[in-house]
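Engineer: Let me give you the structure first, and then I'll get to my questions.
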Amino acid sequence: MQFSGLPRVRLADLPTPLDELSRLSKVLKGPRLFIKRDDNTGLAFGGNKVRKLEYLLGEALEQGADTIITAGALQSNHARQTTAAANKLGLKTILVLRGAPPSSNWKANLLLDSLLGADVRFVPDDPHIKIDDVLYDISLEVEGKGGIPYVIPVGGSVPTGSIGYVAAVMEILEQIYQKGIGIDYIVSATSSGGTQTGLILGAVATNSNVRVIGISVSRPKEVLAPRIVRLANETAQKIGIDVKITLSDVRIYDEYIGPGYAVPTRECINAIRLLAREEGILLDPVYTGKAMAGLIDLVRVGAFREDESVLFIHTGGTPALFADEGIFQASG
Ligand SMILES: *Cc1c(COP(=O)(O)O)cnc(C)c1O
């Protein structure tokens, strides 16, 4: 696959490790399990957004931008990684975060946003306020002051950002070839969909036979799946590859969301504890904890054969462990 012509800046520490979770496999009596450590992409506590930002900020620099504008939840990992990446390139960052400014100390990702020097703007968590409109208004404000803005929509889930995970699939295929292992499934948390889009497109375009499973942490699959199909086909066009993604390529489980986005379930807390205690790996309470809870349940109900291998993508988010420590005290 050729997309080396697209602008890219080096931000991530690649390749990230791909390790076996042998103790977890044994405890679950399940298939061989592996983990891709994209929590270790190496920039300000890392995470999956760094791979997207390599292409997004590559495009921003090519357009001569000096100010990056993006949005997210109060504890957005994407906002934190974007600010860190922009700093490394000498660009300013304006963050639009949904929710009320906290009355007490800023914690976790929000603390890191402020340490990194982002210009943080809070907007009420009101469905009538369209975040894309707010981003647009701020881009006019930047232009009015003589700046050159580059807007990244929530999660960086646009074709340019999704390319980061097409490239990640090629990195994974190279690693498993070198280790002499096979992978039948890739399992990842999915929310704004760019990560799953890139994974699906990479898996299909390389004829790899790897099936991609997304565990939704926010949207119902009826909403997310068509979005991923559209994004995947736009991304394919952008890279210049001749594949057509359809709904049958998009496998999403939305039954592990629980009461809502960023509201941890008991299964999520248990999955975080299990990974910490069996493998010494820290997951996060918003994305990877729920995705791992989904993977554990899929193993339990026999979704994978014993001779199959599953690769879990650790997409990061660990700073959110410190956003509300109380969730871990309640259940012992
Ligand atoms: C953003 C994020 C995701 C979801 O990725 P999308 O491309 O938005 O679907 C998963 N895990 C973590 C830790 C994230 O920050």
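Engineer: Mean Kyte-Doolittle of at least 0.0 and a Cα length of 24 Å or more along the axis: which whole DSSP H helices of the chain meet both? If you can, show how the numbers build up before the last one.
Structural biologist: Values: long enough: 159-179 (30 Å, 0.32); 221-239 (26 Å, -0.14).
In the chain, the long hydrophobic H runs are 159-179.
Engineer: Further question on the same structure: Report P(r) for the chain: all Cα-Cα distances, bin width 10 Å, range 0 to the bin holding the largest distance, values in whole percent.
Structural biologist: 6, 27, 36, 23, 7, 1, 0
Engineer: Just how large is the dipole of segment 1-83 about the Cα centre, in debye to the nearest 20, putting +1 at every Lys and Arg Cβ and -1 at every Asp and Glu Cβ? List each step's numbers first, then the result.
Structural biologist: Numbers: 12 positive and 9 negative charges, 114 e Å.
So the dipole magnitude of segment 1-83 works out to roughly 540 debye.
Engineer: Test of understanding: in a Gaussian network model of the chain with alpha carbons linked when under 10 Å, which of Pro127, Pro259, Pro159 would top the mean-square fluctuation ranking?
Structural biologist: The residue with the greatest mean-square fluctuation here is Pro127.
Engineer: Counting only residues 5 or more places away or on other chains, whose amide H sits under 5 Å from the amide H of Phe312 once H atoms are built in the peptide plane?
Structural biologist: Those lying under 5 Å, H to H, from Phe312 are Phe34, Ile35, Lys36, Val187.
Engineer: When the convex hull of the C-alpha atoms of segment 48-103 is computed, what volume per residue in Å³ does it have? Each step should come with its number before you reach the end.
Structural biologist: On the way: hull volume 4.1 nm³, N = 56.
Given the Cα convex hull of segment 48-103, per-residue volume reads 73 Å³.
Engineer: Related question: For a quick check, take a GNM of the chain with Cα springs below 10 Å and name the residue from Ser218, Ser248, Ser139 with the largest mean-square fluctuation.
Structural biologist: Ser248
Engineer: Considering only Cα-Cα distances, which of the following residue pairs are longer than 30 Å: Lys26/Lys52; Lys179/Lys221; Lys88/Lys179; Lys52/Lys290; Lys49/Lys238? Show your work: numbers first, answer last.
Structural biologist: On the way: Lys26/Lys52 34 Å; Lys179/Lys221 34 Å; Lys88/Lys179 33 Å; Lys52/Lys290 22 Å; Lys49/Lys238 19 Å.
Those over the limit are Lys26/Lys52; Lys179/Lys221; Lys88/Lys179.
Engineer: Checking the cross-link filter: which aspartates and glutamates have an alpha carbon closer than 14 Å to that of Lys107, excluding same-chain neighbours under 8 positions apart?
Structural biologist: Asp324, Glu325
Engineer: Moving on. Hey, what D do you get for segment 98-174 in µm²/s if you plug the Kirkwood alpha-carbon radius into Stokes-Einstein at 20 °C and 1.002 mPa s?
Structural biologist: Values: Rh = 15.4 Å.
Translational D for this selection: 139 µm²/s.
Engineer: Sketch the reach of a paramagnetic label on Glu143 as a point 7 Å from Cα along Cα-to-Cβ, and name the residues of segment 39-82 whose backbone nitrogen lies under 16 Å away.
Structural biologist: Flagged as within label range: 63-69.
Engineer: Still on this structure, I have one more. Calculate the dipole size of segment 144-263 relative to its Cα centre from +1 charges on Lys and Arg beta carbons and -1 charges on Asp and Glu beta carbons; express the result in debye to the nearest 20.
Structural biologist: Details: 10 positive and 9 negative charges, 57 e Å.
Computed about the Cα centre, the dipole is about 280 debye.
Engineer: I need Asp19, Asp13, Asp113 ordered by Cβ neighbour count within 10 Å, fewest first.
Structural biologist: Details: Asp19 15, Asp13 12, Asp113 26.
Fewest to most other Cβ atoms nearby, the residues stand as Asp13, Asp19, Asp113.
Engineer: On the principal axes of its Cα set, how long, how wide and how thick is segment 133-247? Give whole Å, largest value first.
Structural biologist: Extents along the principal axes, in whole Å: 55, 31, 25.
Engineer: State the dimensionless ratio Rg/Rh of segment 49-156 (Rg: radius of gyration of Cα atoms; Rh: Kirkwood radius). List each step's numbers first, then the result.
Structural biologist: Working: Rg = 13.0 Å, Rh = 13.8 Å.
With Rg and the Kirkwood Rh in hand, the quotient comes to 0.95.
Engineer: At R0 = 41 Å, how high is the FRET efficiency between Lys88 and Leu282 if r is their beta carbon distance? Nearest 0.05 is fine.
Structural biologist: The formula returns an efficiency of 0.95 here.
Engineer: What number comes out for the charge environment of Gly294, summing +1 per Lys or Arg and -1 per Asp or Glu over other residues with Cβ under 10 Å away?
Structural biologist: Net local charge, Gly294 excluded: -3.
Engineer: If each of Val223 and Phe328 carries a label point 7 Å out from its Cα toward its Cβ, how far apart are those two points in nm?
Structural biologist: Modelled inter-label distance: 3.0 nm.
Quick note: the coordinates plus some simple rules give every number you see, no bench work behind them. It should be emphasised that the depicted structure is a prediction, and the values quoted were computed from it without experimental measurement. Every residue, glycine among them, receives a Cβ derived from its backbone with ideal geometry; neighbour counts consider all protein chains shown.
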